[in-house]
Amino acid sequence: MATEQTTGQPSESISSVLSERRKFPPPEAFSSKSHISSMEQYEKLYADAAADPDKYWGELAGQFHWFKPWDSVLEWNAPFAKWFNGGKTNISYNCLDVHVNSWRKNKAAIIWEGEEGNERILTYGELHRQVSKFANVLKIAGIKPGDRVAIYMGMVPELIIAVLACARVGAVHNVIFAGFAAHAITERVNDSRAKMVICADGTRRRGGSINLKNIVDEAIVNTPSIRNVIVLKVTNEKITMHDGMDHWWHDLMGLAEDECEAVQLDSEHPLFLLYTSGSTGKPKGILHTTGGYMVHAASSFKYVFDIKDEDIYFCTADIGWITGHSYMVYGPLLNGATVFMYEGAPNYPQWDRFWDIINRHKITIFYTAPTAIRAFIRAGNEWVTKHDLRSLRLLGTVGEPINPEAWMWYHKYVGQEKCPIVDTWWQTETGGIMVSPMPGATPTKPGTATRSLPGIMVDVVRKDGTACEANEGGYLVIKQPWPSMLRTIYGDDERYEKTYWSEFPGMYFTGDGARKDDDGYIWIMGRVDDVVNVSGHRLGTSEVESALVSHEAVAEAAVVSRPDDIKGNALVAFVTLKDGYEGDAKLRDALGKHVAKEIGAIAKPDEIKWAKGLPKTRSGKIMRRLLRELASSNEIKGDVTTLEDIGVIENLREQEDE
């Protein structure tokens with residue numbers, strides 16, 4: 001799951017109370033054609049990478065185009081890394097030119113579907129031409145290597161074109177999710193001192209549209225570094241174009257040449273900034289660089305998704321998040337894959353939009369979030385079962401731990417019990433997937449991301465940094481540098497060191513609690529910030545949530561704590577029920593007993609509140625911070641700019657008052 005890091009404060013070990021014994025070996029038909037086809041092959045690759053990481057990563061890097069080879073694979077001055085130092089490359093060249101100079105020139109790079117049903121296909125040849133033209137637009141506008149460029153657009157192919165054009169000329173792109181308000185844009189533009197904003201006039205959402213240009217106009221009133229705004233016409237919104245500042249995309253593209261050589265960039269040249277929207281304080285500008293990110297994004301995509309040339313790969317993430325960067329743009333295109341890109345909402349015009357897309361476009365690989373899966377469960381099985389999903393051969397999840405019952409539903413109804421599921425754990429900061437099954441090799445268990453990728457040294461440790469025993473809850477750390485790791489927090493090396501490297505000397509602290517089971521599989525127990533001390537036991541709230549969701553009546557649940565004079569903390573569960581179930585005292589009692597039976601009486605919620613919906617960010621993560629504030633004081637004091645639907649909070653408040 002790609003998560004956004006916050007500082008966690010380790011203390012005693014964390015009690016793990018969830019048990020899962022179901023196990024699913026990879027289908028033989030799948031394994032026989034996989035890049036990694038057995039656990040023996042995986043174990044050898046893992047052991048070789050651990051024994052000589054420089055050789056392992058160097059051989060992977062050698063599969064890409066370098067204008068100049070590197071002097072060293074890794075220079076490590078903890079906690080600062082330089083990967084493939086001295087080498088010169090360009091990630092846009094590796095995404096495009098490499099394929100255009102091969103048989104893939106006429107292969108579909110992007111298949112796009114708009115919310116209204118309109119479609120476009122861009123081959124690698126056409127994508128290369130469009131990216132080259134827009135790279136020339138950037139150069140004419142005075143954008144030079146190292147300049148920062150903010151991008152604020154909906155899910156249209158031009159967003160990918162803008163990203164790759166920035167990379168082509170060495171500009172540092174900062175994609176800002178098109179659901180953010182003006183204040184969030186101002187903050188990110190000013191922190192990065194961006195020279196340009198690339199935006200659309202609007203974006204479509206659930207049959208309507210959002211005027212993005214007006215939001216940009218409001219944002220850049222207080223951004224002195226911005227020199228130009230380039231506007232793509234998408235929805236024909238009524239907007240104001242300011243002379244000298246604003247320029248139409250189509251006008252500039254009409255004047256640009258369609259050939260632009262990729263700039264030869266140092267391996268450590270900054271590639272992009274992506275800001276995490278932490279629960280409090282200033283967002284952190286996570287800085288990723290060129291060569292190392294390229295190597296891990298590409299290799300992890302190849303192995304985790306077992307990509308083949310004939311695949312059509314559908315990732316439902318927005319490019320405004322790290323999943324969109326790594327596994328919708330760079331990872332797939334570096335591998336010459338065909339990416340399916342969808343503009344709109346999963347439930348527009350109805351709850352079967354994704355399943356209809358899979359059926360019509362013959363999608364073979366589908367990568368989505370547990371939050372979406374639980375929403376589909378709540379909508380009803382009939383939306384899935386009426387579509388032919390036989391083209392699917394692999395499923396994936398990302399964003400947060402997937403509870404076992406949601407995993408089983410995904411396996412049964414979407415995968416039709418024949419598709420391996422890759423449950424992926426990673427973060428904005430890691431740049432790429434760190435823990436995941438190898439789909440042709442790893443026996444999977446519902447709810448665990450299994451084991452780390454070759455070359456990735458992940459462990460679960462106690463507060464003193466010593467390794468935990470099997471099934472002992474502890475703190476998830478990464479013990480060695482990896483190529484796609486963040487290099488720093490932009491402009492704040494001190495915050496970078498303190499946030500990620502101060503808790504466990506020499507180790508990167510992920511901020512997550514976890515345990516390893518007897519097979520060495522890693523179970524994420526939630527953010528350390530979400531660990532609750534109940535009667536001396538430290539419990540990961542995700543395990544309690546998982547137990548609640550395993551009850552037939554529950555669609556979704558979030559568990560937080562409130563202060564308690566006797567226990568230290570009391571558990572408060574916010575529960576969304578499936579259609580047909582009514583929240584009453586009898587069901588509340590039944591859920592309490594169900595949790596006690598599943599994981600023990602210590603984890604039984606002290607209070608269960610019925611919720612029509614849970615407060616979520618626009619990327620689908622539950623905002624537990626807001627629920628903690630509601631549970632403790634029935635007031636919301638913190639920042640709500642990333643909240644998707646403010647009405648959810650009002651509904652919860654009203655229920656509290658009843």
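The values are calculated or read from the model by the stated rules, or taken from the named source; none is laboratory data. Everything numeric here is computed off the predicted structure, so don't read it as measured data. Cβ placement follows ideal geometry from the backbone for every residue including glycine, while neighbour counts extend to all protein chains displayed.
Quick grid of which residues meet (1) in contact (Cβ under 8 Å) with a residue 24 or more places away in the chain; (2) closer than 12 Å to L274 by Cα; (3) not in a helix (DSSP H, G or I):
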residue: I161; (1), (2), (3): yes, no, no
residue: A167; (1), (2), (3): yes, no, no
residue: H173; (1), (2), (3): yes, yes, yes
residue: F180; (1), (2), (3): yes, no, yes
residue: H183; (1), (2), (3): yes, no, no
residue: R188; (1), (2), (3): yes, yes, no
residue: V197; (1), (2), (3): yes, no, yes
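Evaluating C260 against the criteria (1) assigned to a loop (DSSP other than H, G, I, E, B); (2) under 27 Å from the mean Cα position of the chain (by Cα) leaves one unmet condition, (2). Just so you know, in the stretch 104-158 the residues that are in a loop (DSSP other than H, G, I, E, B) and among the acidic types (D, E) include one that is nearest to A219 (Cα to Cα), and it is D147.
Annotation note: Cβ proximity below 6 Å between a residue of the stretch 412-436 that is under 21 Å from I322 (Cβ atoms) and a residue that is aromatic (F, W, Y) and surrounded by fewer than 24 Cβ atoms within 10 Å (Cβ to Cβ) (sequence gap 6+ or interchain) occurs for no pair. Candidates I319, I286, I307: the one that is assigned to a loop (DSSP other than H, G, I, E, B) and touching a Leu at 6+ places or on another chain (Cβ under 8 Å) is I319. Selection of the stretch 602-619 for residues being within 16 Å of the chain's Cα centre (by Cα) and either surrounded by fewer than 21 Cβ atoms within 10 Å (Cβ to Cβ) or farther than 21 Å from T368 by Cα (or both) yields K616, T617, R618.
Tally up the residues in the stretch 554-582 that are hydroxyl-bearing (S, T, Y), modelled with pLDDT of 90 or more and assigned to a strand (DSSP E or B), please.
Going residue by residue through the stretch 554-582, those that are hydroxyl-bearing (S, T, Y) are 561, 576, 581.
Restricting the remaining residues to those that are modelled with pLDDT of 90 or more gives 576, 581.
Narrowing further to those that are assigned to a strand (DSSP E or B): 576.
Selection size over the stretch 554-582: 1.
In this structure, is V169 more than 20 Å from D318 (Cβ to Cβ) and either modelled with pLDDT under 95 or buried (at least 23 other Cβ atoms within 10 Å of the Cβ) (or both)?
Details: more than 20 Å from D318 (Cβ to Cβ): yes; either modelled with pLDDT under 95 or buried (at least 23 other Cβ atoms within 10 Å of the Cβ) (or both): yes.
Against the criterion (more than 20 Å from D318 (Cβ to Cβ) and either modelled with pLDDT under 95 or buried (at least 23 other Cβ atoms within 10 Å of the Cβ) (or both)), V169 qualifies.
Among the listed residues R104, R148, identify the single one that is over 20 Å from N335 (Cβ atoms) and either within 28 Å of the chain's Cα centre (by Cα) or touching a residue at least 40 places away in the same chain (Cβ under 8 Å) (or both). The unique qualifying residue is R148.
Can S300 be described as small (G, A, S), at pLDDT below 95 and in the same structural domain as P157 (by TED's automatic domain parsing)? No.
Screening D493 against (1) within 24 Å of S192 (Cα to Cα); (2) at pLDDT 95 or above; (3) in the same structural domain as I358 (by TED's automatic domain parsing) leaves a single unmet condition, (3). Has the stretch 449-457 got any residue that is farther than 24 Å from L395 by Cα and touching a residue at least 60 places away in the same chain (Cβ under 8 Å)? Yes, the conditions are met somewhere in the stretch 449-457.
What about G207, is it within 22 Å of E116 (Cβ to Cβ) and surrounded by fewer than 16 Cβ atoms within 10 Å (Cβ to Cβ)? First the steps, then the outcome.
Values: within 22 Å of E116 (Cβ to Cβ): yes; surrounded by fewer than 16 Cβ atoms within 10 Å (Cβ to Cβ): yes.
Yes.
Name every residue in the stretch 467-504 that is assigned to a helix (DSSP H, G or I), surrounded by fewer than 20 Cβ atoms within 10 Å (Cβ to Cβ) and not aromatic (F, W, Y), in order of residue number.
Our first condition is that a residue be assigned to a helix (DSSP H, G or I); within the stretch 467-504, this holds for 493-501.
Narrowing the set further to residues that are surrounded by fewer than 20 Cβ atoms within 10 Å (Cβ to Cβ) leaves 493-495, 497-498, 501.
D493, E494, R495, E497, K498, listed by residue number.
Consider the stretch 336-353 and keep the residues that are outside any loop (DSSP other than H, G, I, E, B) and of a type in the set (F, W, Y). The one that is surrounded by the fewest Cβ atoms within 10 Å (Cβ to Cβ) is Y342. Taking the criterion of being buried (at least 20 other Cβ atoms within 10 Å of the Cβ), outside any helix (DSSP H, G or I) and among the hydroxyl-bearing types (S, T, Y), the only residue of the stretch 57-103 that qualifies is T89. Among residues belonging to the stretch 390-424 that are among the acidic types (D, E) and modelled with pLDDT of 95 or more, point out the one that is farthest from I36 (Cα to Cα). Result: E417.
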